[in-house]
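Engineer: First the structure, which I've put down as structure tokens, then a few questions once you've had a look.
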Amino acid sequence: MSIVDSVTKAMVPIHREGWPFIAISLVATLVVGWFIDPLFWIGLLLTGWICYFFRDPKRVTPVGEGLVISPADGVVSLLGHALPPAELELGTEPLMRVSIFMNVFNCHVNRAPVGGSISRVAYRAGKFLNAELDKASDDNERNGLVIEMGGTRIGVVQIAGLVARRIVCFVREGESISAGERFGLIRFGSRLDVYFPSDTQPKVSIGQTMIAGETVLADLTQPQAPAQPLTRVS
């Protein structure tokens, strides 16, 4: 493999949502840097970080009946039963929830946890609290989807955070989506909540690193166990 091929394969595509920000940052860098030389290098670093933030790498998604895949890069910050947002119309009983916190260095392209039909898309305005807090699920700005897979409904909620000021959703009610397919993006730092049937046993634990479109959160076809999986940090 040539050096050119190696560099080409190492480069990660940039999502189309990022190009306006990259252009603005680059123009501002050139203008300000023309007058103040040190600010040119600071602006160049900032532009590089924006390119990095909006990266959109390819992912290899496991395909199988009942598999629920992580919709976001990040770390599992909350895990357990919780009431789903009322606007999703998933009922008034607690469901199993896995929350994935994304910091400003994670890839922020969101992917569908399961394949199926999108039966509901619901946006709700709100605050911009720290997305790691449990109450962010209730108080923060959010956008939720319900994906129907056979007779099962899976809820996934994009939640804004302290820095995030924009939730982008690419899909609409009535559309079909495949597991691992891109459905949205959040700028800049936020959280994704996934709601499963209440008897679901997640295959992940708090503190575990997730890869959007690749990490398996749960297998709905397996017998449900009453205990959380054992883990260790190494």
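The values are calculated or read from the model by the stated rules, or taken from the named source; none is laboratory data. Predicted, not measured: the structure shown is a model, and the values here were computed from it. Positions of Cβ are generated from backbone atoms using ideal geometry, with glycine treated the same way; all protein chains shown enter the neighbour counts. The accessibility values were calculated without ligands, DNA or RNA, using every heavy atom of the protein model including side chains. Shrake-Rupley method; radii C 1.70, N 1.55, O 1.52, S 1.80 Å.
Engineer: What are the pairs with Cβ atoms under 7 angstrom where one residue, in region 92-113, is within 26 Å of TRP49 (Cα to Cα) and the other, located anywhere, is at pLDDT 95 or above and hydroxyl-bearing (Ser, Thr, Tyr)? Sequence gap at least six, or different chains.
Structural biologist: Short answer, once both residue conditions are applied: ILE100/SER70.
Engineer: Still on this structure, please answer the following. Name the pairs: first residue in region 33-49 and open to solvent by 80 Å² or more (accessible area, probe 1.4 Å), second residue assigned to a helix (DSSP H, G or I) and among the polar types (S, T, N, Q), Cβ to Cβ under 8 Å, at least 6 apart or on different chains?
Structural biologist: Correct list of pairs: LEU46/SER25; LEU46/THR29.
Engineer: Checking TYR52 against (1) in contact with a helix residue (DSSP H, G or I) (Cβ under 7 Å, 6 or more places away or on another chain); (2) open to solvent by 60 Å² or more (accessible area, probe 1.4 Å), which test does it fail?
Structural biologist: Failing condition for TYR52: (1).
The rows are residues; the columns are (1) modelled with pLDDT under 90; (2) open to solvent by 50 Å² or more (accessible area, probe 1.4 Å).
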site	(1), (2)
LEU95	no, no
VAL98	no, no
HIS108	yes, no
LYS135	yes, yes
ILE154	no, no
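Engineer: A follow-up question, please. What's the number of the condition GLN228 fails, among (1) within 29 Å of ALA125 (Cα to Cα); (2) modelled with pLDDT under 85?
Structural biologist: Answer for GLN228: the failing condition is (1).
Engineer: Right, next: Can you name the residue in region 194-225 that is of a type in the set (Asp, Glu) and under 21 Å from the mean Cα position of the chain (by Cα) and, of all such residues, is modelled with the lowest pLDDT?
Structural biologist: ASP219
Engineer: Can you find even one residue in region 185-204 that is part of a loop (DSSP other than H, G, I, E, B) and closer than 24 Å to HIS15 by Cα?
Structural biologist: Yes; the residues of region 185-204 include at least one that is part of a loop (DSSP other than H, G, I, E, B) and closer than 24 Å to HIS15 by Cα.
Engineer: Residues in region 52-77 that are in a loop (DSSP other than H, G, I, E, B) and among the hydrophobic types (A, V, I, L, M, F, W, C): how many?
Structural biologist: 4
Engineer: Based on this model, can you work out whether GLY18 counts as touching a residue at least 12 places away in the same chain (Cβ under 8 Å), assigned to a helix (DSSP H, G or I) and either of a type in the set (Val, Ile, Thr) or surrounded by 14 or more Cβ atoms within 10 Å (Cβ to Cβ) (or both)?
Structural biologist: yes
Engineer: Counting just the residues of region 114-125 that are touching a residue at least 40 places away in the same chain (Cβ under 8 Å) and either within 30 Å of LEU46 (Cα to Cα) or not in a strand (DSSP E or B) (or both), which one comes out farthest from the chain's Cα centre (by Cα)?
Structural biologist: Taking the candidates together, the pick is GLY115.
Engineer: If you don't mind, there's one more thing I want to ask. Looking at (1) within 13 Å of the chain's Cα centre (by Cα); (2) closer than 30 Å to ALA23 by Cα; (3) open to solvent by 10 Å² or more (accessible area, probe 1.4 Å), which is the one condition that is false for PRO71?
Structural biologist: (3)
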